[in-house]
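Student: Supplied in structure tokens, the structure appears directly below.
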Amino acid sequence: MKMQSVFLRVLVLIDIIKDLIRMSELKKYDVAIIGGGIGGLMAAYRLKNNNKNIRIVITERGNVLEKRHCPAGRNSTCIHCKTCSITSGFAGAGAFSDGKFNLGTSYGGTLGEELGDTVANQYIGEVDEILKKYCTSGDPKVYMSNQDLKLKCLQNNLRLLDMNVKHLGTDKNFLTMQNLIKAIEHSGTETLSCYDCESVEKSDSGYILNYTNGEKIFAEKIIIATGRSGANFVADFCRSFGVEMHSNYVDIGVRVEMKDIIWKEFSDKIYEPKILYKTKTFEDRCRMFCFNKGGLVSAENNHGIITANGHSFAEEDKKTENCNFAILSSIRFTEPFNQPTEYVESISRLANMIGNGNVIVQRFGDLVRGRRTNDHRLAQNTVEPTLKATAGDISLVLPHRILTNIIETIYALDKVAPGTANDDTLLYGCESKYYSIRPEFKNNKFELCDNVYIIGDGSGICRGLSQSGAMGIYVADCISKK
Ligand SMILES: Cc1cc2nc3c(=O)[nH]c(=O)nc-3n(C[C@H](O)[C@H](O)[C@H](O)COP(=O)(O)OP(=O)(O)OC[C@H]3O[C@@H](n4cnc5c(N)ncnc54)[C@H](O)[C@@H]3O)c2cc1C
């Protein structure tokens, strides 16, 4: 009996020694940031500014910014890369975006509700100041809100969300992010690309982060900045650490493309119209947003599911004759259903099935006449598609309620921008945005459990560059003050 207990003690001791050796071999940091999008970058920037001796690492699933290339750019067809270069890599989902920075809290997230508008606006202003430092290619244009357009929309049951918007454009945005990343690296923060964090374990004095490439690192504190593409990682983390998750809403619908001139009055005056509509039949909320003047419709790979999106370039020679925007219908599920992300994914997967692995495109005229679009009709369309998608029938994919909402919204928008409901308007399906996981925070520092913080789109609070960056700076300040 005695021998057995001595033997067990030796085994325990061996385990402890093994752990100590393992720990001593691990790279150690004060703060590990998971995700190198604007949230993670801004957090790293501020942490170093607050304390230049702090040891920080940013680990990113995707590639370094300069090596992020979408192969679909050359032939417009998504080839289903394991890690999507559009959404993943340093500078995050916003790397190739149009670089529209919303200078307020009216949209782009609910940080104003969480922190109060005054504090949230202060941090949004600080993001703007930091970006100004690294935007070395001239002052970007700021579009101010417009009362006449607001009234015109109100008179047609539409609510125009207005706010001042700073527009960098894709190229200036890319250069600004590149300069910011260089400055962060120069300050001594380590950046690791192709580091996909798989899981997190609690250790005595902090956390061990496990990566799919077999690497492990140790950090006292963690900032989860994994954006929308990291939704599964956040869900797994919450399950492992007993953090409650609340069901948030999901948005699903289409990317709409038409001649640029139809929305010129709006885009000239406010650059990006964002409009809300309460649909007649179901009284659901539909929103028009993510407007791209002279832009291109693009395909996005979300873990093998191809969805539509859009972007545009600032340079005149890269502009197309078209504009595009999203029209999405919001759904908030109630008990007992608790898989909103899976619901949206299965609709998008259905679109891919019908589209032979691709996004579907349909003329609005065909949709309302109840017939599919075919290559012949598409070839004769006055609006030339900027994405090579499969001509098909969106009504075979979207549930009746969502489709009805979208059609009603297109007719409502036609009243303020006549031509929106033209037969030749193109609809690409599906486009979706999900903010379905909303973890329960321990406090107003957005702490999930001891020394683990969450920021940006992945927190369920942000939906845009400015607020994600602002949340990063805010959490960095909370950590520095601790
Ligand atoms: C095409 C497009 C255009 C857009 N245009 C605009 C715009 O003009 N204005 C605007 O305000 N917003 C825009 N947005 C939204 C904006 O990009 C996001 O709101 C913003 O990027 C969120 O920042 P984030 O840091 O929270 O997350 P992200 O930018 O998504 O960054 C998260 C990063 O974490 C990485 N990651 C995820 N999981 C892991 C893991 N397990 N391990 C390691 N790394 C991980 C991802 O690869 C990603 O790079 C656009 C989005 C897209 C896709």
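Just so it is clear, none of the values below were taken in a lab; they were calculated from the coordinates. For clarity, every value in this text was computed on a predicted model and none was experimentally measured. Backbone-built Cβ (ideal geometry, glycine too); neighbour counts: all protein chains shown.
Student: Apply 1/(1 + (r/R0)^6) to the Cβ-Cβ distance of His303 and Lys2, taking R0 = 60 Å, and write down the FRET efficiency to the nearest 0.05.
Tutor: Taking R0 as 60 Å, the efficiency between His303 and Lys2 is 0.60.
Student: When all C-alpha to C-alpha distances in the range 394-436 are sorted into bins of 5 Å, what percent of pairs does each bin hold, rounded to whole numbers?
Tutor: 5, 19, 24, 26, 17, 7, 2
Student: Considering the Cα positions of the range 269-328, please state its Rg to one decimal place and its Dmax as a whole number of Å.
Tutor: Values for the range 269-328 (Cα only, Rg and Dmax): 14.0, 43 Å.
Student: Using the Karplus curve 6.51 cos²θ - 1.76 cosθ + 1.60 with θ = phi - 60°, what ³J(HN,Hα) values do you get for each residue of the range 354-362, in whole Hz, with x for Gly and Pro?
Tutor: For the range 354-362, the Karplus curve yields 5, x, 6, x, 9, 6, 9, 10, 9 Hz.
Student: If the viscosity is 1.567 mPa s and the temperature 4 °C, what translational diffusion coefficient in µm²/s does Stokes-Einstein give for the range 235-293 when Rh comes from Kirkwood over Cα pairs?
Tutor: Using the Kirkwood radius from Cα pairs, D works out to 87 µm²/s.
Student: Compute the Rg/Rh shape ratio of the range 23-107: radius of gyration over Kirkwood radius, all on alpha-carbon atoms.
Tutor: On the way: Rg = 16.1 Å, Rh = 15.0 Å.
Taking Rh as the inverse mean 1/r over Cα pairs, Rg/Rh reads 1.08.
Student: Restricting to the chain, compute how many DSSP beta bridges are antiparallel as a %, nearest 5. If you can, show how the numbers build up before the last one.
Tutor: Details: 62 of 81 bridges.
Around 75 percent antiparallel, to the nearest 5.
Student: Also: Say each of Glu321 and Leu396 gets a label point 7 Å from the Cα, pointing the same way as Cα to Cβ; how far apart are those two points in nm?
Tutor: 3.0 nm
Student: Next up: Length gain on complete extension for the stretch Asn338 to Glu198, per 0.36 nm per residue less the alpha carbon to alpha carbon distance? Write out the running numbers ahead of the final one.
Tutor: Details: separation 140, 0.36 × 140 = 50.40 nm, distance 2.33 nm.
Full extension from Asn338 to Glu198 adds 48.1 nm.
Student: Just round it to a whole percent: the fraction of Cα-Cα distances in the range 336-394 exceeding 20 Å. All intermediate terms of the calculation are to be shown ahead of the outcome.
Tutor: Details: 571 of 1711 pairs.
Roughly 33 percent, once rounded to a whole number.
Student: At a Förster radius of 22 Å, what calculated FRET efficiency corresponds to the Cβ-Cβ distance of Lys216 and Asp450, to the nearest 0.05?
Tutor: Details: r = 20 Å, r/R0 = 0.90.
Once rounded, the FRET efficiency stands at 0.65.
Student: Also, quick follow-up: If r is the Cβ-Cβ distance from Ile79 to Asp30 and R0 is 45 Å, what FRET efficiency results, to the nearest 0.05? All intermediate terms of the calculation are to be shown ahead of the outcome.
Tutor: On the way: r = 40 Å, r/R0 = 0.88.
E between Ile79 and Asp30, to the nearest 0.05, is 0.70.
Student: In whole Å, what are the Cα extents of the range 71-181 along the three principal axes, biggest one first?
Tutor: Taking the Cα atoms of the range 71-181, the three principal extents are 44, 35, 31 Å.
Student: Then there's this: Using the Cα centre of the chain as the reference point, and only Cβ charges (+1 on K/R, -1 on D/E), how large is the resulting charge dipole? Debye, rounded to the nearest 20. Display every interim value, and only then the final one.
Tutor: On the way: 59 positive and 57 negative charges, 55 e Å.
Its charge dipole is roughly 260 debye.
Student: Restricting the calculation to Cα positions, tell me the Rg (one decimal) and the Dmax (whole number) of the range 336-445 in Å.
Tutor: According to the Cα coordinates of the range 336-445, Rg and Dmax are 16.7, 58 Å.
Student: For the range 301-354, what percent of Cα pairs sit more than 13 Å apart?
Tutor: On the way: 1036 of 1431 pairs.
The proportion of pairs with Cα distances above 13 Å equals 72 percent.
Student: Continuing with this model, one more query. Taking only the C-alpha atoms, wrap a convex hull around the range 200-318 and report its volume per residue in Å³ as a whole number.
Tutor: Values: hull volume 23.9 nm³, N = 119.
That works out to 201 Å³ per residue.
Student: Just round it to a whole percent: the fraction of Cα-Cα distances in the chain exceeding 39 Å. It would help to have the intermediate numbers written out before the result.
Tutor: Values: 27356 of 115921 pairs.
That tail contains 24 percent of the Cα-Cα pairs.
Student: Rg(Cα) of the range 249-434 divided by 2.2 N^0.38 Å? Could you put the intermediate results ahead of the total?
Tutor: Working: Rg = 15.4 Å, N = 186, 2.2 N^0.38 = 16.0 Å.
Compactness ratio reported: 0.96.
Student: Taking just the C-alpha trace of the range 1-149, give me its Rg and Dmax in Å.
Tutor: 23.8, 88
Student: Between Glu283 and Ile16, what is the spin-label point distance in nm, taking each point 7 Å from the Cα along the Cα→C-beta axis?
Tutor: Taking the two extended label points, one gets 6.6 nm.
Student: Here is a further query. Using 7 Å Cα-to-Cβ label points, what is the Arg369/Asn443 separation (nm, one decimal)?
Tutor: 6.4 nm
Student: Okay, moving on. So, by mean Cβ neighbours within 10 angstrom, what's the order for 35-43, 213-221, 421-429 with the highest one leading? Walk me through the intermediate numbers first.
Tutor: Details: 35-43: 31.9, 213-221: 16.8, 421-429: 23.7.
Peptide ranking by packing, descending: 35-43, 421-429, 213-221.
Student: Just order 61-67, 441-447, 134-140 by mean Cβ neighbour count inside 10 Å, highest at the front, would you?
Tutor: Values: 61-67: 18.6, 441-447: 15.3, 134-140: 13.7.
The densest-packed peptide leads the list: 61-67, 441-447, 134-140.
Student: What number, in percent, do you get for the relative contact order of the chain if the mean sequence gap of Cα pairs under 8 Å and at least 6 apart is divided by its residue count? Please report the intermediate quantities before stating the final value.
Tutor: Values: 1063 pairs, mean separation 107.1, N = 482.
Here the relative contact order equals 22 percent.
Student: Sticking with this structure for a sec: Find how much the distance from Thr118 to Asn156 grows on full extension, using 0.36 nm per residue of separation minus their present alpha carbon separation; answer in nm with one decimal.
Tutor: Details: separation 38, 0.36 × 38 = 13.68 nm, distance 3.19 nm.
Value of the extension gain: 10.5 nm.
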